[in-house]
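Here the structure comes first, spelled out in structure tokens, and everything after it is commentary.
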Amino acid sequence: MSDNVIIACPHCGGLNRAPRARLGAGEAPDCGRCHAPLFDGRPTELSSADAFDRLVGKTEIPVVVDFWAGWCGPCRAMAPEFAAAARDLEPAVRLAKLDTEAAPEIAQRYNIRGIPTMILFGNGREIKRQSGAIGRSAIVAFARA
Ligand code: ZN
């Protein structure tokens, strides 16, 4: 395993090299390009295919993406649980939310049939998925397993 991991900035998309040991210690550097924190304890909002591909495809730590939509009641109910899980999991795991209305081609690419659906990605590839709204501790367990 390399001592460094590439992390795509959730704000500007810039690629950052971060020491794995610092992430393990719960520390994360600021983005070298836009100087915003690489992790701020909030899920990254993704509303385009480009933003999705940049974040999920260029991040070498695990990424959990919540596929959701504004009209979906269970998705809205799960949102605060997902946000709380982001505080628990960062910076070891990146949490992101994909708006399936804004980027339907991504939902189609992953054959999303019902929302909310969460997919755990490793180096841009799907590792596993779970459908239906779940609580904070179940989200954390899903991301770590
Ligand atoms: Zn940045």
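Values as computed for the structure displayed
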{"read-out": "Ellipsoid equivalent to the chain - semi-axes via the Cα gyration tensor, in Å", "value": "24, 16, 14"}
{"read-out": "Cα gyration tensor, segment 24-106 - rounded (a/c under 1.5), prolate or oblate", "value": "oblate"}
{"read-out": "Between helix 73-89 and the chain: long-axis angle, C-alpha atoms, 0 to 90°, nearest 10", "value": "20"}
{"read-out": "Rounded to the nearest 20 debye, dipole of segment 20-60 from Cβ charges on Lys, Arg, Asp, Glu", "value": "140"}
{"read-out": "Cα gyration tensor shape for segment 69-121, rounded if a/c is under 1.5, else prolate or oblate", "value": "oblate"}
{"read-out": "Protein accessible area in segment 68-145, 1.4 Å probe - carbon and sulfur %", "value": "50"}
{"read-out": "Simple label model, 7 Å out from Cα along Cβ direction - H11 to S48, nm", "value": "1.9"}
{"read-out": "For segment 21-67 and segment 102-145, distance of Cα centres in Å", "value": "16"}
{"read-out": "Residues N123 and E27, FRET efficiency given R0 of 25 Å [Cβ-Cβ distance, rounded to 0.05]", "value": "0.65"}
{"read-out": "Positive-end extreme of charge dipole, segment 1-131 - chosen from H35, A107, N4 (charges on Cβ)", "value": "N4"}
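The values are calculated or read from the model by the stated rules, or taken from the named source; none is laboratory data. Please read all numbers here as calculations on a predicted model, not as lab measurements. Cβ: placed from backbone, ideal geometry, glycine included. Neighbour counts: every protein chain shown. Side chains are part of the model used for accessible areas, which takes the heavy atoms of the whole protein and leaves out ligands, DNA and RNA. Shrake-Rupley method; radii C 1.70, N 1.55, O 1.52, S 1.80 Å.
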